[in-house]
Ligand code: 6PG
């Protein structure tokens with residue numbers, strides 16, 4: 001895991017936007033398209049806003065970019081808890097991305113139906129093999145979860161592509177659909193975004209202790225090329 005420590009959240013967000021653009025260009029050279037799964041939560045919002053603004057938006061090949069989601073809360077797409085709504089307001093509605101290239105987890109459905117529908121959506125682009133994203137953005141929860149793969153949950157061991165999960169301890173407490181670990185591990189590049197003092201403890205445990213991996217799903221991710229973008233606040237004493 002390459003750990004990049006930046007001055008603050010803004011610098012992390014700018015570095016993440018630059019990394020996404022560089023990855024998009026390499027993907028385009030390799031396959032003629034760029035596939036990315038966006039992270040949920042609040043940390044990546046600034047990255048999305050930067051990608052939608054000058055100069056970054058002009059550098060992304062939006063017409064050949066396919067946007068998926070790492071996980072979604074089971075709420076309608078206009079709900080305040082929707083990861084899609086966050087990404088749409090900050091980025092997707094502001095750039096020339098074909099609507100058919102936005103692959104939303106349908107939070108308005110029942111969880112199992114939404115997970116099955118997403119599996120079909122993934123197969124439509126990746127075929128029957130385990131999806132291989134050019135880039136998956138991931139956040140890091142205080143309990144070590146990432147996407148909606150939570151400690152001690154069955155999602156840790158499921159060899160699926162997308163699955164529904166209900167986690168009483170999750171914040172907000174709502175059912176979710178998540179990409180499964182085999183998909184995260186099969187990505188060409190994974191970038192974790194974790195900033196702010198409240199991530200210090202979980203990052204310390206994730207990077208520096210031999211904590212049992214089933215307690216820290218984020219520490220179970222093993223992709224070919226992994227980066228952690230964090231800031232000085234996390235490392236301040
Ligand atoms: C979700 C997210 C989740 C998130 C982490 C960090 O839907 O809740 O996918 O995995 O990335 O909980 O959230 P923050 O960025 O808000 O700290």
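The values are calculated or read from the model by the stated rules, or taken from the named source; none is laboratory data. Just so you know, these numbers come straight off a predicted model, no measurement behind them. Cβ placement follows ideal geometry from the backbone for every residue including glycine, while neighbour counts extend to all protein chains displayed.
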Which members of the range 27-45 meet the condition of being away from the ligand (no atom under 16 Å from the Cβ) and surrounded by 15 or more Cβ atoms within 10 Å (Cβ to Cβ)? 27, 28, 33, 34, 35
Mind listing just one residue for me: the one in the range 179-210 that is assigned to a loop (DSSP other than H, G, I, E, B) and touching a residue at least 12 places away in the same chain (Cβ under 8 Å) and, of those, farthest from the chain's Cα centre (by Cα)? 196
Restricting the search to the range 154-163, which residues are farther than 13 Å from residue 179 by Cβ and assigned to a loop (DSSP other than H, G, I, E, B)? 157
Considering 84, 48, which residue is buried (at least 19 other Cβ atoms within 10 Å of the Cβ), within 26 Å of residue 218 (Cβ to Cβ) and free of Cβ contacts under 8 Å to residues at least 24 places away in the same chain? 84
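Every residue, every condition in (1) within 26 Å of residue 166 (Cα to Cα); (2) surrounded by 14 or more Cβ atoms within 10 Å (Cβ to Cβ); (3) touching a residue at least 40 places away in the same chain (Cβ under 8 Å), yes or no:
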position	(1), (2), (3)
93	no, no, no
100	no, no, no
109	yes, yes, no
117	yes, yes, no
120	yes, no, no
129	no, no, no
133	yes, yes, yes
Can you work out which of the residues in the range 162-177 that are within 12 Å of residue 110 (Cβ to Cβ) and over 17 Å from the mean Cα position of the chain (by Cα) is farthest from the ligand (Cβ to nearest atom)? 166
Counting residues that are modelled with pLDDT of 95 or more, under 17 Å from residue 184 (Cβ atoms) and within 17 Å of the chain's Cα centre (by Cα), which strands (runs of 3 or more DSSP E) fully inside the range 42-153 reach at least 3? 65-69, 135-138
